[in-house]
Each structure stands twice: as C-alpha cells, then as structure tokens.
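K.L.:
Dropping the structure in here first, questions after.
The values are calculated or read from the model by the stated rules, or taken from the named source; none is laboratory data. All values reported here derive from a predicted model rather than from experimental measurement. Here the Cβ is made from the backbone with ideal geometry for all residues, glycine too, and neighbour counts use every protein chain on show. Just the protein is used for accessible areas: all its heavy atoms, side chains included, with ligands, DNA and RNA removed. Shrake-Rupley method; radii C 1.70, N 1.55, O 1.52, S 1.80 Å.
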Amino acid sequence: RADQAMYHAKAAGRNTLRFFDPHMQASAAQRFALQNEIREALLFNQFKLYYQPQVDRTGRITGAEALIRWLHPERGMISPMDFIPIAEESGLILPLGNWILDAACQQLIHWKQNPLTAALTLSINVSARQFQQPDFVTQVLAAVTRTGANPHQLTLELTESILATNQQDIITKMDALKSHGIKFSLDDFGTGYSSLSYLKRLPINELKIDKSFVNDILTDPNDAAIARMVIRLAQSMELNVIAEGVETQRQRDWLEQEGCLHYQGYYFGKPVGAEEFLR
Ligand code: C2E
Ligand code: MG
Ligand code: MG
Ligand code: MG
C-alpha cells in the first residue's frame, strides 16, 4: 500500500533508498493516488510552512528557511521528501509552489508587524520545474506584490538541478528577480554533478554547504576537505556561505574556525510552525 510504503520511507531517513525515489518502482496507480491526494490537500489547506532559524556567528537569528509540511488528516505529518518528487513529476509543484510563495510572503508581512522579527530574511525552496516555467518571474513578483512583502528579505534556494536548462534563460530570470532585490542561494551545494563554471555566470549570493558534508565534518577528512573548499570558494567569489545540518557545538566551532559564519541546524533550532518560531 502506498501509504504504508510512505511511512516506511519516512522512518528510513534521508540517505536510504526511498519507496518513491524516481528510480524505484512505485506503481503508476500509487503515484496517481498520491497525486490526487496532493490536489485535495491543496484544496483543503493541509499544507503548512515550518520555519528553521538561520543564525550568525553571535547566535543571533538573522532569518529562516521555509520548509513545507503536509498535515495529513489521517497519516499525520508527511515529509516533503515523500511528496515533493511526486508533485514535481505531476506538475502539481506549480500550484503548490505558488501556494508556498504566497504563504512565505504573508509570513514576512506578519514578521513586519513585530520589531523583533521585522528584519528577518526568509529563504524559500524552489524546484527546478517551477523555476523552468516561462512565467516564473511573473509568479514570484505577483506573490510579492499581492502580499506587499519586501523582496529584499526574500532568498530563493535553487539546486544545481536547475542548470539542466538553457543558461541564458536562467540568467535572464535571475537578473530580473535580482533587479527587484531578491537573492539566490545554491542549496545542497557540492552534491550535484555540474561543472563549477556556472558559478561565475549566475548572480548567486550564497552557497549552502549540504548537511551530508556537515554531518561528518569532524570525523571524515573528505567531508572536511569539501566543506573547506566550499568556504574558500565562497570567500574568494565574495559569496555568503551558510552551513546546513549543524547539530553540535563542535561542528559549529569547526565551521567558524574555517570562516563559515552562518549556520542552520538542529543545534540552533528545528523547523517549527510560525507560532513556535516566534516564541
Ligand atoms: P533542503 O532544502 O536541503 O532542507 C534542509 C533539510 O534538512 C530540511 O528537511 C531540514 O528539516 C533538514 N535539517 C535541517 N537541519 C538539520 C539537522 O541539523 N539535522 C538533520 N538531520 N536535518 C536537518 P525537510 O524539511 O524534510 O526538507 C527536505 C527537502 O525537501 C528540502 O531539503 C527541500 O529540498 C525539500 N523541500 C522542503 N520544503 C520545500 C518547499 O517548500 N518547496 C520545495 N520545492 N522543496 C521543499
Ligand atoms: Mg533548502
Ligand atoms: Mg539543503
Ligand atoms: Mg540538503
């Protein structure tokens, strides 16, 4: 059963082959059932954004990453890793992506009303399929305009998977959004397969060290070498660098010593609902 398989994949964690991994064979019927459920979930408002703090070297919260959760009425909370791939392949990521943009911009408006949160930045994950839409720029700007959010407080997190498309198209879109003050972060940096040459062409503001490297930074010399390389690269290209998946003080200290001054991870705070984030 599709729902049982989902639970299984969820319990197995991120580095395990998942039932709904595109390379595994979830039956067409199971995928179709899940697509319909996602469609219903959009209608019945079952999605919610969680917020995970991003902190600077002093421990001050400078912003958050918005991470989607599916609050399923029967199955409880479903991880994005179990439905974002299905949403992507079915095209439902387009309405879902717009919902995410809207919800995130509305959150910025809520934060604006409180001096404690007024200056926070918000990072939003954008899937490749969403970015590749001809009207992507229009959709983002529409959400900003509709809500009145300040685009200077918005960062879009992209992964190297967007690079599969025409480079000029990517640059045109990024430049258009950048001209409104929106920033770009490269998520899961170092886990993709593309050449690094795109870095000098794309208007990127930030590299995000993937948590798979941060995880063993203290024990695996290869992970440490890669993390160090990403930090040096960011420094020499004058990009911001943030580490994700920081779980211990020792990992944080190692990163600081190597020159990475922004962090995100369970050590500082797990992703939580807006009310708890405020607290
Ligand atoms: P990501 O963008 O790389 O997000 C980071 C993931 O790492 C999140 O998982 C977060 O909860 C988790 N994480 C953060 N700190 C730690 C830590 O210290 N230890 C561990 N073990 N994990 C940590 P999450 O929320 O399950 O999201 C998984 C992925 O799903 C995201 O990876 C992103 O690719 C995708 N995703 C989540 N929300 C959205 C969304 O709104 N839109 C799109 N397109 N994709 C999303
Ligand atoms: Mg992300
Ligand atoms: Mg990431
Ligand atoms: Mg990651």
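K.L.:
Relative contact order (percent) for the range 82-162, with alpha-carbon contacts under 8 angstrom and 6 or more residues of separation?
P.N.:
Reported relative contact order: 37 percent.
K.L.:
I've got another one for you. Taking only the alpha carbons of the range 130-279, what extent do you get along each of the three principal axes, in Å, biggest first?
P.N.:
45, 42, 23
K.L.:
Can you give the helix-only mean residue ellipticity at 222 nm for the chain, where every DSSP H stretch with n ≥ 4 adds -39500 (n - 2.57) and the sum goes over all residues, rounded to the nearest 500 deg cm²/dmol?
P.N.:
Rounded to the nearest 500, it is -13500 deg cm²/dmol.
K.L.:
Can I get the semi-axes of the range 66-188's equivalent ellipsoid? Compute them from the C-alpha gyration tensor as square roots of 5 times the eigenvalues, in angstrom, largest first.
P.N.:
22, 21, 12
K.L.:
From largest accessible area down, sort LYS112, LYS208, LYS200; use a 1.4 Å probe on the protein chains.
P.N.:
Largest accessible area first, the list is LYS200, LYS112, LYS208.
K.L.:
Name the residues whose placed amide hydrogens come within less than 5 Å of the amide hydrogen of SER123, ignoring near sequence neighbours (fewer than 5 apart) on the same chain.
P.N.:
ALA64, GLU65, ALA66, THR155
K.L.:
I want to check the label-to-label distance for ASN222 and LEU199. Put each point 7 Å from Cα in the C-beta direction and report it in nm to one decimal.
P.N.:
Between ASN222 and LEU199, the simple spin-label model gives 2.0 nm.
K.L.:
Just the projected area, averaged over all directions, of the convex hull on the alpha carbon atoms of the chain: how many nm²?
P.N.:
Result: 14.8 nm².
K.L.:
Given a 1.4 Å probe and every protein chain left where it sits, what share in percent of the accessible area of the chain is carbon and sulfur?
P.N.:
Percent of accessible area from carbon and sulfur atoms in the chain: 54.
K.L.:
Now for a different question. Using the per-residue mean of other Cβ atoms lying within 10 Å as a proxy for protection, in what order, highest first, do the peptides 165-172, 153-160 fall?
P.N.:
Taking the mean over residues of other Cβ atoms within 10 Å, the ranking is 153-160, 165-172.
K.L.:
Pulled fully out, how much extra length does the chain show between LEU42 and THR172, if you take 0.36 nm times their separation in residues and subtract their Cα-Cα distance?
P.N.:
43.7 nm
K.L.:
Are there any GluC sites (Glu not before Pro) in the range 190-279 that are in a DSSP loop and have at most 12 other Cβ atoms within 10 Å? List them by number.
P.N.:
Sparse-neighbourhood loop GluC sites (Glu not before Pro): GLU238.
K.L.:
Subtract the Cα-Cα distance of LYS112 and THR58 from 0.36 nm times their separation in residues, and report this length gain in nm to one decimal.
P.N.:
Using 0.36 nm per residue and subtracting the Cα-Cα distance, I get 17.2 nm.
K.L.:
Right, something else. If you look for lysine pairs in the range 60-211 that are eight or more places apart or on different chains, how many of them have Cα atoms under 26 Å apart?
P.N.:
Total qualifying Lys-Lys pairs in the range 60-211 comes to 13.
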